[in-house]
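S.K.: The structure is given below, and queries will be raised subsequently.
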Amino acid sequence: MRSIEEAFLARVVQKEVDSRASGIYNMTEAERRKHFFARGYLLQVKKYYGIRSIYYPGCTGETILESAFDKDEIFYLDKVIKRNDNTGTSVVGDMLAPPFPENTFDAAYVQDLHLHEEGREHSPQERLDAILSMVKDDGIIIYGKRGACPIWTKELPFLRKQDSVLTEVRLPFAHEEFAIFQRI
């Protein structure tokens with residue numbers, strides 16, 4: 001007999017397979033389990049902060065937000081969109097000149113500020129400032145290390161040094177792959 005957790009995970013996986021919204025059906029069991037726990041954490045953060053809109057610049061093909069947010073709550077921005085129409089609002093554009101008004105979103109999801117790449121056109125600070133301009137005052141920045149584990153050790157200290165605009169939040173619940181910051 002399946003546990004409640006396994007039954008729920010099976011429904012999440014089947015929903016994603018049916019919608020073809022992600023590559024979860026190609027994941028190993030361990031990867032699916034991580035996806036499941038990340039989903040639960042993001043749902044808690046969403047409820048705790050009342051997030052109704054989340055901005056994800058530089059989104060490529062990442063699907064983790066789709067497991068916790070409705071498609072009308074997610075706004076993807078990238079130079080090339082690699083997703084279908086069932087996954088949220090997808091906009092082709094430059095994160096340094098986003099097509100949205102400032103202070104539009106309740107939250108932003110950030111996975112990589114590219115601190116590890118030399119010679120990029122814009123600095124990590126410019127990229128972070130552009131993301132912060134899209135988030136409402138007191139809005140949330142969810143930093144996830146999913147798929148970007150080697151850079152976590154460089155980027156997390158960089159974000160923590162932004163104490164004039166961000167404060168790290170310690171919630172009563174935690175997840176090893178996420179850090180939460182609040183815009184101040």
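What follows draws every value from the coordinates through simple rules; no lab data is involved. Here the structure is a predicted model, which means the values were calculated and not measured. Neighbour counts are summed over all protein chains in view; Cβ atoms, including those assigned to glycine, are modelled from backbone coordinates with ideal geometry.
S.K.: Let me check I've understood the local charge: for residue 170, count other residues with C-beta under 15 angstrom from its C-beta, Lys and Arg +1, Asp and Glu -1. What total comes out?
M.R.: Local net charge: -2.
S.K.: Roughly what would the spin-label model give for residue 96 and residue 125, points 7 Å off Cα along C-beta, in nm?
M.R.: Label-label distance for residue 96 and residue 125, simple model: 1.4 nm.
S.K.: Next question, about the same structure. So how far, in whole Å, is the C-alpha centre of the range 164-184 from the one of the range 89-103?
M.R.: If you average the Cα positions of each part, the centres end up 24 Å apart.
S.K.: Quick check: residue separation of residue 160 and residue 138 times 0.36 nm, minus the Cα distance between them. What number comes out in nm?
M.R.: Taking residue 160 through residue 138 to full extension adds about 6.3 nm, to one decimal.
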